[in-house]
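Undergrad: This is the structure I have questions about; it appears just below.
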Amino acid sequence: AKTAGRNNCVTYGPSLAGRGPEMLELETALHKAIERDELRLYYQPKIDVAKGCVVGVEALMRWQRPDRLVSPADFIPLAEETGLIVPMTEWALREATRQVRAWQDEYGYLGGVAVNMPSRMFHRSDLLELVTSSVGVHGLRPDRLLLELTEGTLMTNIDAILPTLRELNELGVRISVDDFGTGYSSLAYLTTLPISELKIDRSFVQNLGVTHKGKAVITTIVALARALGLSVIAEGVETQAQAHILHRQGCTTMQGYLFSRPVDGASLGPWLRDFQLA
Ligand code: C2E
Ligand code: CA
Ligand code: CA
Ligand code: CA
């Protein structure tokens, strides 16, 4: 999907400077996608392998264009740059909470849902009302909702977003530090943040079994989480070997293709019933 255009200018990518006509087209299409109801959430379960149950799910956005399903890598960067990510995230909060309520009614699902929160959402003064109404309208307790903020989002905006994080925490909403280990967290800050989970970045999981140092990073993050009283989860677990090492290092909650790819809400439902704690 990352192709060089006719003039040899890259049309997709982290830097969207020098936007060409294709970019404008994509922006217009994305704008309409919201109105036309083309956004979808797929869900990937978070598994506690020690207990053998689902402890939550992460909502991951897809764009169902008329001719193809588009991955977030191909539209989230543009959405963030243009600000379209704000209405998209609002939609995701409402849709994810609606889905959780539907799973609860149909399959007795009592776990949570994680929604990815970009830093732009914290520029809004009504974020708390949005979150409150999203869970409240479906009669869900706020602790059913987990917001995933990347370590980068947290650390580069901490002073601006900390008051809001504290208020969210007081409501009962939980905060996860996504892609943990990639963003140079200040450890001093970590002890004061109202967070409840560290999510070990996929890059560390993929190093497991490749080098001995890979294991040391996991051991260190698990020890840190324990010392701070936080949960820890590993993302991008693809092999039994990785799962085995993680388990032995004390990280028993995992997410990855080994267990399930992200799937639509209707397909995941029955799975959630079968994998709950009795
Ligand atoms: P992320 O939040 O770190 O999400 C994890 C990504 O890893 C997802 O990619 C997921 O499908 C993928 N993944 C899960 N298990 C495995 C595995 O075992 N192996 C490998 N190789 N990959 C795995 P996806 O869905 O393409 O999303 C990519 C990124 O796009 C996300 O990274 C997140 O930063 C962003 N994104 C996705 N949905 C949303 C959203 O609703 N809002 C915002 N703001 N960003 C989103
Ligand atoms: Ca995430
Ligand atoms: Ca992640
Ligand atoms: Ca990641």
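The values are calculated or read from the model by the stated rules, or taken from the named source; none is laboratory data. Just so you know, these numbers come straight off a predicted model, no measurement behind them. Cβ placement follows ideal geometry from the backbone for every residue including glycine, while neighbour counts extend to all protein chains displayed. We work out accessible area using only protein heavy atoms, side chains counted, and drop any ligands, DNA or RNA first. Shrake-Rupley method; radii C 1.70, N 1.55, O 1.52, S 1.80 Å.
Undergrad: In nm, to one decimal, how far is the Glu35 label point from the His123 one, both placed 7 Å along Cα→Cβ?
TA: In this crude label model, Glu35 to His123 measures out at 2.2 nm.
Undergrad: With unit charges on the beta carbon (Lys/Arg positive, Asp/Glu negative), name the residue among Ser267, Thr156, Met254 whose Cα is farthest towards the positive pole of the charge dipole of the chain.
TA: Selected residue: Met254.
Undergrad: Lysines within cross-link reach of Lys32: Cα-Cα under 24 Å, excluding same-chain residues under 8 positions apart?
TA: Cross-link targets: Lys2.
Undergrad: With N set to the number of residues, divide the alpha-carbon radius of gyration of the chain by 2.2 N^0.38 Å and report two decimals.
TA: Taking the Cα Rg and dividing by 2.2 N^0.38 Å, one obtains 1.02.
Undergrad: Also: Keeping all protein chains in place, calculate the accessible area per residue for the chain (probe 1.4 angstrom), answer in Å².
TA: Dividing the accessible area of the chain by its residue count gives 49 Å².
Undergrad: Which residue, chosen from Val55, His212, Ser125, occupies the Cα position most advanced towards the positive end of the dipole of the chain, where the dipole is computed from +1 (Lys, Arg) and -1 (Asp, Glu) charges on Cβ about the Cα centre?
TA: Sorting the options by dipole projection puts first His212.
Undergrad: While we're on this one: If you take every DSSP beta bridge whose two residues both sit in the chain, what share of them, in percent to the nearest 5, is antiparallel?
TA: Once the DSSP bridges in the chain are tallied, antiparallel ones form about 45 percent.
Undergrad: Can you tell me the Rg and the Dmax, both Å, for the Cα atoms in the range 73-206?
TA: Expressed in Å, the Cα Rg and Dmax of the range 73-206 come to 14.9, 44.
Undergrad: Assign one of three labels to the range 89-156, namely rounded, prolate or oblate, based on the Cα gyration tensor with a ≥ b ≥ c the square roots of its eigenvalues; rounded applies when a/c is under 1.5, prolate when it is not and a/b is larger than b/c, and oblate otherwise.
TA: Prolate shape, in that a/c is at least 1.5 and a/b is the bigger ratio.
Undergrad: Which of Ser186, Val70, Met88 sits closest to the plus end of the dipole of the chain, meaning its Cα is farthest towards the positive end, when Lys and Arg get +1 and Asp and Glu get -1 on the C-beta?
TA: Towards the positive end, the residue furthest out is Ser186.
Undergrad: I've got another one for you. Using protein chains only and a probe of 1.4 angstrom, how many square angstrom of His138 are accessible, to the nearest 10?
TA: 50
Undergrad: Another one. For the range 173-246, take every pair of Cα atoms, bin their distances at 5 Å starting from 0, and report each bin as a whole percent.
TA: 3, 16, 29, 26, 15, 8, 3, 0
Undergrad: Assign unit charges at the C-beta atoms only (+1 for Lys and Arg, -1 for Asp and Glu), then state the dipole size of the chain relative to its Cα centre in Debye, rounded to the nearest 20.
TA: 640
Undergrad: Tell me the carbon and sulfur percent of the accessible area for the chain, rounded to whole percent, probe radius 1.4 Å.
TA: Carbon and sulfur together cover 51 percent of it.
Undergrad: If you bin every alpha carbon distance in the range 113-187 into 5 Å steps from zero, what whole percent lands in each bin?
TA: 3, 16, 27, 27, 16, 7, 3, 1
Undergrad: Please list, in chain and number order, the residues 5+ apart from Glu148 or on another chain whose amide H is under 5 Å from its amide H, with Hs placed from the backbone.
TA: Val115, Asn116, Met117, Ser176
Undergrad: Further question: Given the DSSP H assignment, sum -39500 (n - 2.57) over each helix run of at least 4 residues in the chain and divide by its residue total; what's the result at 222 nm in deg cm²/dmol, nearest 500?
TA: Result for the chain, helices only: -14000 deg cm²/dmol.
Undergrad: Roughly how big is the range 122-256's charge dipole about its Cα centre, with Cβ charges of +1 (Lys, Arg) and -1 (Asp, Glu), in debye to the nearest 20?
TA: 500
Undergrad: Express in whole angstrom the spacing between the alpha-carbon centres of the range 180-235 and the range 21-38.
TA: 37
Undergrad: Sort out the exposed loop trypsin sites (Lys or Arg not before Pro) in the chain (DSSP loop, at most 13 other Cβ within 10 Å) and tell me the longest stretch that has none.
TA: After excluding every exposed loop site, the longest remaining stretch is 69-278.
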